[in-house]
Amino acid sequence: MQIRVINPNTTAAMTAGIERAARDAASPGTIIEAVTSSTGPVSIEGYYDEAMSLPGLLQAIATGEAAGAGAHIIACFDDTGLDAARQCAVAPVIGIGQAAMIAASLVAARFTIVTTLARSVPALEFNVLKYGFERQARVRASNVAVLDLETPGGDAHGRIDAEIVRAKAEDRAEAIILGCAGMAQLAADLSRRHGLPVIDGVGAAVKLSEMLGTLGLRTSKIGAFETGAPKLLTGPLAQLMGRS
């Protein structure tokens, strides 16, 4: 099975870390292809960044479909463009946010999502509600910018660690979800340190993709995800994105 893992931002160093996490989770015989969006913001932290990332993301989905990918993973915890991507693709499209919440719900009654900046919290709270986990989940910001996760010698890991301590005490969290693809490599160490499941959405999405492939399930094209005719960008947005 070939799984296409898409980083919807344009930071290649982050894609490399995402690829490592995906390969670590993949079964023998699963082919992981990690790609960086060709256009968009360097990080996705809030609604504006999400909107700016969509053209590059959807182009990457279309390219993967043409190449025969068995599944697509959107490696942004906001699940950026997930519904639009499912409308474009026949192969399953998995968002790492939804995948992580599904995994957490199977191993804990209550869980906390520890994300990056405070402006990312509203989008994640909306997704918690959309996916039906509002009675189980809380979202917290560690006040770590996405790109700080790529900076050696910074205090990003310490801030995430401290927020997990608070989540255990204040939320009575039984599991932690790392609310950013850039945190993927931290999950195993944090789980050992805190004595509870710490879930990385990239790995969870890989295993869900493999399950859907094994079962032969594809995206339904009846109703919400019925395929529509592709449309060209026009006007100011086309100029801004360098497309026509």
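Please treat every number below as a calculation from the coordinates, not as lab data. Everything quoted here is computed from the prediction, not taken from an experiment. Cβ atoms come from the backbone with ideal geometry, glycine included; neighbour counts cover every protein chain shown.
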By the C-alpha gyration tensor axes a ≥ b ≥ c (rounded if a/c is under 1.5, else prolate when a/b exceeds b/c, else oblate), the shape of region 77-128 is oblate
Just one of [x] 125; [y] 173; [z] 135 is volume of the Cα convex hull per residue in Å³ as worked out from the coordinates here. Which one is it?
[x]
Rel. contact order, % - alpha carbon contacts under 8 angstrom, at least six apart, region 97-201:
35 percent
Order of 191, 37 under a 10 Å beta carbon neighbour criterion, fewest first:
191, 37
Test of understanding: express the Cα radius of gyration of region 1-104 as a ratio to 2.2 N^0.38 Å, with N the residue count.
0.97
Taking the inverse of the average 1/r across all pairs of different Cα atoms in region 97-201, what Kirkwood radius in Å do you get?
13.4 Å
Once both axes come from the Cα atoms, what is the angle between helix 96-107 and the longest principal axis of the chain, in degrees from 0 to 90, rounded to 10?
40 degrees
Run the numbers on the chain and let me know its relative contact order in percent, using alpha-carbon pairs under 8 Å that are six or more apart.
23 percent
Could you check the spin-label model distance between residue 215 and residue 48? Points 7 Å from the Cα along Cα→Cβ, value in nm.
4.0 nm
Per-residue ³J(HN,Hα) for region 129-146, Karplus 6.51 cos²θ - 1.76 cosθ + 1.60, θ = phi - 60°, Hz, x for Gly and Pro:
5, 4, 8, x, 9, 5, 7, 10, 10, 10, 10, 10, 9, 8, 6, 10, 5, 3
Quick one: which residues, 5 or more positions from residue 95 or on another chain, have an amide H under 5 Å from its amide H? H modelled 1.01 Å from N in the peptide plane, none for Pro or chain starts.
74
Just to be sure I understand the model, the point goes 7 Å from the Cα along the line to the Cβ. What's the resulting residue 227 to residue 20 distance in nm?
3.8 nm
Which of 126, 77 comes first, and how do the rest follow, when ranked by fewest Cβ neighbours within 10 Å?
126, 77
